[in-house]
Amino acid sequence: QVQLGESGGGLVQAGGSLRLSCAASGRTFSSFTMAWFRQTRGKEREFLAAISRSGGNTYYADSVTGRFTISRNNAKNTVYLQTNSLKPEDTAVYYCAAAIFGGLRPNADEYDYWGQGTQVTVSS
């Protein structure tokens, strides 16, 4: 079992940046593949990025490649999502997720634990 809690969301102007954090507690954080997703009302949860247990490998959705960066600090039990060059279409609730499996996968159904989400709003 692991508990996840996101923070760092807020209101930002287009072109701005936010750094989202997800703190984990419970089972050993370094045993989980971690990922970030986002969701807007009426749409399915969208994969953004995933990072391996050690942090040595990452995988991004095409929509955020070059703008978002996922990282983790296993000593602090935290995963981060640095979001740059934000656009109004990036407005969503952002979730972190943890998976027991070792691969980097974009399917939300393959993740075992989820946080409550943090709202990101980008104004034009």
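Within the stretch 1-25, the set of residues being among the aliphatic types (A, V, I, L, M), surrounded by fewer than 18 Cβ atoms within 10 Å (Cβ to Cβ) and within 17 Å of residue 87 (Cα to Cα) comprises 11, 12, 14.
Filter the stretch 59-71 down to residues that are in a strand (DSSP E or B) and either in contact with a Cys (Cβ under 9 Å, 6 or more places away or on another chain) or open to solvent by 40 Å² or more (accessible area, probe 1.4 Å) (or both) and give me whichever is farthest from residue 121 (Cα to Cα).
Let us first name the residues in the stretch 59-71 that are in a strand (DSSP E or B), namely 59-60, 68-71.
Checking the rest, the ones that are also either in contact with a Cys (Cβ under 9 Å, 6 or more places away or on another chain) or open to solvent by 40 Å² or more (accessible area, probe 1.4 Å) (or both) come to 59-60, 69, 71.
Numbers: 59: 24, 60: 21, 69: 18, 71: 22 Å.
Result: 59.
Collect the residues in the stretch 74-93 that are closer than 16 Å to residue 51 by Cα and open to solvent by less than 50 Å² (accessible area, probe 1.4 Å), keeping them in residue-number order. Even if it seems obvious, please write down each step before you answer.
Initially, the stretch 74-93 is screened for residues closer than 16 Å to residue 51 by Cα, giving 74-83.
Passing the criteria: 78, 79, 80, 81, 83.
Taking every residue in the stretch 35-62 that is among the β-branched types (Val, Ile, Thr) and pairing it with any residue that is modelled with pLDDT under 95 and open to solvent by less than 50 Å² (accessible area, probe 1.4 Å), at least 6 positions away or on another chain, the pairs with Cβ-Cβ distances below 8 Å are 51/104; 58/104. Candidates 56, 102, 5: the one that is over 24 Å from residue 124 (Cβ atoms), out of contact with any helix residue (DSSP H, G or I) (no Cβ under 9 Å at 6 or more places or on another chain), at pLDDT 95 or above and not in a strand (DSSP E or B) is 56. Residues of the stretch 31-53 that are open to solvent by 50 Å² or more (accessible area, probe 1.4 Å) and either over 16 Å from the mean Cα position of the chain (by Cα) or at positive phi (or both): 41, 42, 43.
The values are calculated or read from the model by the stated rules, or taken from the named source; none is laboratory data. All values reported here derive from a predicted model rather than from experimental measurement. Because the Cβ atoms are built from the backbone with ideal geometry, glycine has one as well, and the counts that use them run over all protein chains shown. With ligands, DNA and RNA removed, areas are computed over all heavy atoms of the protein, side chains included. Shrake-Rupley method; radii C 1.70, N 1.55, O 1.52, S 1.80 Å.
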